[in-house]
Amino acid sequence: MARRGRVELRRIEDRTSRQVRFSKRRAGLFKKAFELAVLCDAEVALLVFSPAGRLYEYASSISIEGTYDRYQRFAGGRWNLNDGDSSSNNDEDPSNIQSRLGEIASW
């Protein structure tokens, strides 16, 4: 029987165990994001990059791009993800999601 309680936070050395734990934790995180969106009527966007570099995303609204644009407007430029280059902000081009995800990943 598996023990419950607090998990010691350290890197899992066994690759297979680490992948299984990642998959289970990712599923739980997405479930919690969904519950938060439904129960509290919150707009939730979640990006997860796997150790292999795969992207997993969840958005409670129509698109994750819309939530990202709303975040950018709310932040008011105080956290510019382009390292001070405000001229390269492409809010007008919603099809530019790959570069935005790259910005988020590097941030």
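The values are calculated or read from the model by the stated rules, or taken from the named source; none is laboratory data. These figures come from a predicted structure and were not determined experimentally. Quick reminder, even Gly has a Cβ in these numbers, built from the backbone with ideal geometry, and neighbours come from all protein chains shown.
Observations on the model:
- Look at the range 64-76: where a residue is free of Cβ contacts under 8 Å to residues at least 40 places away in the same chain and a partner is assigned to a helix (DSSP H, G or I), sitting 6+ places away or on another chain with Cβ atoms under 8 Å, you get 64/97; 65/97; 65/100; 68/100; 68/104.
- Selection from the range 78-107 of residues that are at pLDDT 60 or above, surrounded by 11 or more Cβ atoms within 10 Å (Cβ to Cβ) and part of a loop (DSSP other than H, G, I, E, B): 96
- Residue 38 being more than 23 Å from residue 102 (Cα to Cα) and either modelled with pLDDT of 90 or more or under 19 Å from the mean Cα position of the chain (by Cα) (or both): yes
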